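A.B. asks: Here's a structure for you.
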Amino acid sequence: MTALTRILSTTAFKLAVIYLASFTALSVFLFLFISKNTDDLMNRQVVQTIDAEIQGLAEQYAQNGINGLIVGVERRVRSPNANLYLIVDYAGNVITGNISYLPEKVLGESDGSIQFVSYTPMGIRSEDVDSRSAMVRIFELPGNFKFLVGRDLQDQLHLKSLLGDALSLWLAGMVVLAGITWFFVNRRILKRIDNLSMSSRQIMEGDLAGRLDVTGNNDEFDRLATNLNIMLDRIEGLMHGLKEVSDNIAHDLKTPLTRMRGRVEAALRHDMSQEEAQACLEETLVETDELINTFNALLRIARVEAGSTGVDLGPVDLKAIVSDVCELYEPVAEDEGITLSMDLEEAAEVAGDRELLAQATVNLIENAIKYGRPKNAETAPNIRVALKQVHDEIILSVEDNGSGIPEEDRERVCNRFVRLDSARHAPGSGLGLSLIKAVVTLHNGKLRLCSRMSADDSENTKTSGLRAEIVLPISAGIPGEGEGTAKWNKAHKTSTNT
Amino acid sequence: MRILIIEDDREAADYLVKALREAGHNPEHADNGEDGLELARSNQWDVLVVDRMLPRRDGLSVIETLRASGNETPVLILSALSQVDDRVTGLRAGGDDYLSKPYAFSELLARVEVLGRRKATTQVETKLQVGDLVLDRLAHKVTREGKEIVLQPREFRLLEYLMKHAGQVVTRTMLLENVWDYHFDPQTNVIDVHISRLRSKIDKGFEYALLHTIRGAGYSIRDGSH
């Protein structure tokens, strides 16, 4: 594609051509309209003038005959800016008037209708020897006289040529304007689109770490770039999630599978009694079930992280959900010797998925029951569940008085299959927190793990224990900028005015 | 019960048919959607067990067609798609219950039997009775041997569900779904603890136990004294 063809195919060029064409058409129409109407108006005025003259002269003719007419004409001819008059006899000789030349055939048509003729005026201005245009009426009078009354169309023609000049000038100006439009649109606007396009390409072909530049003047392009960056965050997140899932499947599911396989194979190799075989099969069944649960949990996390379609974020009453779950787990806690206390305030509805939020709450409470036991065997374990609304956020917190999670591990535990050494003894797949995190992210919320705040000052209360918080916004917002964009912006110190 | 299984996996279907027959039922099998639909329409069944993914016509389409023609036979949907939204889609298509694969046979059996018996009781009973245990739904009272037993609201609902399906096996998942209206998988034995509380109120101190644990399946309330 040559440079010319490329230019011709750009939107900028097409836009410029469209503007030019439409404005030209409109302008021409406008000029023609003005021109025609002015023309008609002036013509009408000329005709009226002529007719008025004829009226006057007709009276003179009626009173004094042809002589009176001649006198009348001669008097009028002498005034400045006079109309045109001509009286000729049967032979064509000029009797009086201010026309020196007239095409022959004109006088032939003497029915009194309006005619447009070219003539030469009687020499007042000697330099104007070119023929001029006039509108005339010609009558035949008794005695074979021909009588002409008319008016010069000089002014009209002048106006017409003025309009014509103006039009040409205007069109020329428009071509220039179109050129500027093309230049402006191409340079500033379409180039920005092209840049966005190319940058996206580069980012996709590269490592997806890059982000589009946001200039900060908050126009449409900035908004486009911002939203594309958010999309890139999502894509990066999805790809990352996918990699994690396959890594996890590779490691953490193959291990129990290998174990199972080994057991079955060993059983086949040995002679077993009926009871031994039965026990072996039962163990295998139990492990199969565990595997299935792990699988299902992984799938659920993956789908929630993908922001799966079909998850219905309708209005849910978080207080009711938390209250249900607490009531469900209260007997379990009691059996374990744990006091489960609730402090649930009335809270606004959130946009959410009831099942997922329930599952997240269950995971929090199960974690507290399983891992939240205080090291000191004499301290009574307790779990406190609280629900509070703070401005436009709802905070669900579950606190225990166990050993808590060390600060350096707090981010890591939310990854799949991570179990702290202190927790390895309890049954579980290590997926609880990662599901909570996925659910919370889907709801545009936050998961916070911190140390329990000790409210009371009884002996031996250092702030130990975990406080796990789920913070949810009341209104379902559009997802904001993700990690990738935040990292990029920080590295490139681009300002974002939002 | 006459049970129609529409499942295209040969082995899974054979296993199901065999197991259901051993449990005392009358199972038949179709291995694709079209044949299944035909069989479902032309015969009387107590329960249909329909897999979602079928050749020639998928499971949900079979169910929708049946429902559109006025067929109200209870349907249990089987599917490897186990997420909540899949469940909702399945139930919206006209299914009565949803079980995700892989499943424990005892779970399927329990659900099939509950579905199959549903037709029998068309009127809402105000009083449920098993042995000498009486639950009055209107007065919200529970008595055994004439003595009143005080139950918390949730315990009452738990007992009510068990007694509504007296004699049938009720699994933990079914209890979680119907008494608490949630569909997640708890890790701890949360349902068991609630059952043992209930048991200590209605069985302890009485002559014989009514609330039984069915190993590997769930629970059942029945008068086994006869």
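The values are calculated or read from the model by the stated rules, or taken from the named source; none is laboratory data. Quick caveat: nothing in here was measured; it's all calculated off a predicted structure. Please note: Cβ atoms are built from the backbone with ideal geometry, for glycine as well, and neighbour counts cover all protein chains shown. All accessible areas refer to the heavy atoms of the entire protein, side chains included, with ligands and DNA or RNA removed. Shrake-Rupley method; radii C 1.70, N 1.55, O 1.52, S 1.80 Å.
A.B. asks: 7 Å from Cα along Cα→Cβ at both B:LEU138 and A:GLU349: what's the point-to-point distance in nm?
C.D. replies: Taking the two extended label points, one gets 3.4 nm.
A.B. asks: Out of residues 5 or more away from B:GLN168 or on other chains, whose amide H comes under 5 Å of its own, with H placed 1.01 Å from N in the peptide plane?
C.D. replies: Long-range HN contacts for B:GLN168: B:ILE221.
A.B. asks: While we're on this one: Relative to the Cα centre, what is the charge dipole magnitude of the range A:17-129, using +1 at the beta carbon of each Lys and Arg, -1 at the beta carbon of each Asp and Glu, and rounding to the nearest 20 debye?
C.D. replies: Values: 7 positive and 12 negative charges, 53 e Å.
Charge dipole, the range A:17-129, about its Cα centre: 260 debye, nearest 20.
A.B. asks: Here is a further query. To the nearest 20 Debye, how big is the dipole of the range A:201-260 about its Cα centre, given +1 on the beta carbon of each Lys and Arg and -1 on that of each Asp and Glu? Provide the component values of the computation, followed by the final result.
C.D. replies: On the way: 7 positive and 11 negative charges, 81 e Å.
Once rounded to the nearest 20, the dipole reads 380 debye.
A.B. asks: Something else about it: With a Cα-only, solvent-free Debye model of the protein assembly as shown, what are the log10 I(q)/I(0) values at q = 0.05, 0.06, 0.11 Å⁻¹?
C.D. replies: Values, matching the q order: -0.50, -0.59, -1.27.
A.B. asks: Counting only C-alpha contacts under 8 Å and six or more residues apart, can you give the relative contact order of the range B:91-226 as a whole percent?
C.D. replies: 24
A.B. asks: Can you give the angle from 0 to 90° between the axis of helix A:254-269 and the longest principal axis of chain A, with both taken from C-alpha atoms, to the nearest 10?
C.D. replies: Long axis of A:254-269 versus the principal axis of chain A: about 40 degrees.
A.B. asks: Which links in A:LYS437/B:LYS101; A:LYS105/A:LYS146; A:LYS370/A:LYS437; A:LYS388/A:LYS487 stretch past 22 Å when you go from one Cα to the other?
C.D. replies: A:LYS437/B:LYS101; A:LYS388/A:LYS487
A.B. asks: How large is ³J(HN,Hα), in whole Hz, for each residue of the range A:273-288 in order, when computed from phi with the Karplus curve 6.51 cos²θ - 1.76 cosθ + 1.60 and θ = phi - 60°, using x for Gly and Pro?
C.D. replies: 6, 4, 5, 4, 4, 4, 4, 4, 4, 5, 4, 4, 4, 4, 5, 4
A.B. asks: Rank these residues by their accessible area, most exposed first, probe 1.4 Å: A:MET198, A:MET135.
C.D. replies: Details: A:MET198 120, A:MET135 0 Å².
Accessible-area ranking of A:MET198, A:MET135, largest first: A:MET198, A:MET135.
A.B. asks: What shape does the range A:259-329 take by its C-alpha gyration tensor, where a ≥ b ≥ c are the square roots of the eigenvalues and a/c under 1.5 counts as rounded, a/b above b/c as prolate, and the rest as oblate?
C.D. replies: Numbers: a/c = 6.31, a/b = 2.37, b/c = 2.67.
Cα axes put the range A:259-329 in the oblate bin.
A.B. asks: If you don't mind, another one. Enumerate the calculated ³J(HN,Hα) couplings along the range A:61-77 in order (Karplus 6.51 cos²θ - 1.76 cosθ + 1.60, θ = phi - 60°), each rounded to whole Hz, writing x wherever the residue is Gly or Pro.
C.D. replies: Result, ordered by residue: 4, 5, 6, 10, x, 5, 5, x, 4, 4, 4, x, 4, 4, 5, 5, 4 Hz.
A.B. asks: Using the alpha-carbon centroid of each, what span in Å lies between the range A:186-234 and the range A:263-326?
C.D. replies: That distance is 43 Å.
A.B. asks: Another one. Rounded to the nearest 5, what % of the DSSP beta bridges within chain A are antiparallel ones?
C.D. replies: 90
A.B. asks: Sticking with this structure for a sec: Rank by packing, highest mean first: peptides A:50-56, B:77-83, with packing defined as the count of other Cβ atoms within 10 Å averaged across residues.
C.D. replies: Going from most to least packed, we get B:77-83, A:50-56.
A.B. asks: Taking the dipole about the Cα centre of chain A, with the C-beta of Lys and Arg at +1 and of Asp and Glu at -1, give me whichever of A:ALA486, A:VAL350, A:TYR371 is farthest to the positive side.
C.D. replies: So the residue we want is A:ALA486.
A.B. asks: Still on this structure, please answer the following. Let me know the volume per residue of the alpha-carbon convex hull for the range A:24-64, in Å³.
C.D. replies: 28
A.B. asks: Separate question: Once you order the gyration tensor axes a ≥ b ≥ c over the Cα atoms, which shape class does the range A:232-379 get: rounded for a/c under 1.5, otherwise prolate or oblate by comparing a/b with b/c?
C.D. replies: It is oblate, given that a/c is not under 1.5 and a/b is not larger than b/c.
A.B. asks: How much of the accessible area of the range B:1-118, probe 1.4 Å, is carbon plus sulfur, in whole percent? Could the numbers behind the result be given before it?
C.D. replies: On the way: 2350 of 5180 Å².
For the range B:1-118, the apolar C and S fraction of the accessible surface comes to 45 percent.
A.B. asks: Which listed residue (A:ALA250, A:ASN401, A:PRO331) has the Cα farthest towards the positive end of the charge dipole for chain A, taking +1 on Lys and Arg C-beta and -1 on Asp and Glu C-beta about the Cα centre?
C.D. replies: A:ALA250
A.B. asks: Hey, if you put +1 on the Cβ of every Lys and Arg and -1 on every Asp and Glu Cβ in chain A, which of A:ALA209, A:THR288, A:LEU30 ends up farthest toward the positive end of that dipole?
C.D. replies: Final value for the positive-end residue is A:LEU30.
A.B. asks: Where only protein heavy atoms count, and the probe is 1.4 Å, what is the accessible area per residue for the protein assembly as shown in Å²?
C.D. replies: For the protein assembly as shown, the per-residue accessible area is 56 Å².
A.B. asks: Turning to a different aspect of this structure: Please average, across the residues of B:101-111, the number of beta carbons from any other chain that are within 10 Å of each residue's own beta carbon, and give a whole number. Can you show the working numbers first?
C.D. replies: Details: counts 1, 6, 1, 3, 0, 0, 0, 0, 0, 0, 0.
Mean partner-chain Cβ count within 10 Å for B:101-111: 1.
A.B. asks: Treating the beta-carbon of each Lys and Arg as +1 and of each Asp and Glu as -1, no other charges, what is the dipole magnitude of the range A:294-392 about its Cα centre, to the nearest 20 debye? Numbers along the way, then the final one.
C.D. replies: Values: 9 positive and 18 negative charges, 95 e Å.
It works out to roughly 460 debye.
A.B. asks: Report, in degrees rounded to the nearest 10, the 0 to 90 angle that the Cα long axis of helix A:220-248 makes with the longest principal axis of chain A.
C.D. replies: 30
A.B. asks: What shape does the range B:1-59 have by the C-alpha gyration tensor, where a ≥ b ≥ c are the square roots of the eigenvalues, rounded means a/c under 1.5, and otherwise prolate means a/b greater than b/c and oblate the rest?
C.D. replies: oblate
A.B. asks: Now for a different question. If contacts are Cα pairs under 8 angstrom and at least 6 residues apart, what is the relative contact order of chain A in percent? Kindly include the intermediate steps, with their values, before the conclusion.
C.D. replies: On the way: 634 pairs, mean separation 56.0, N = 498.
Relative contact order, chain A: 11 percent.
A.B. asks: Measure off, as a whole percent, the carbon and sulfur share of the 1.4 Å-probe accessible area of chain A, all protein chains present.
C.D. replies: 57
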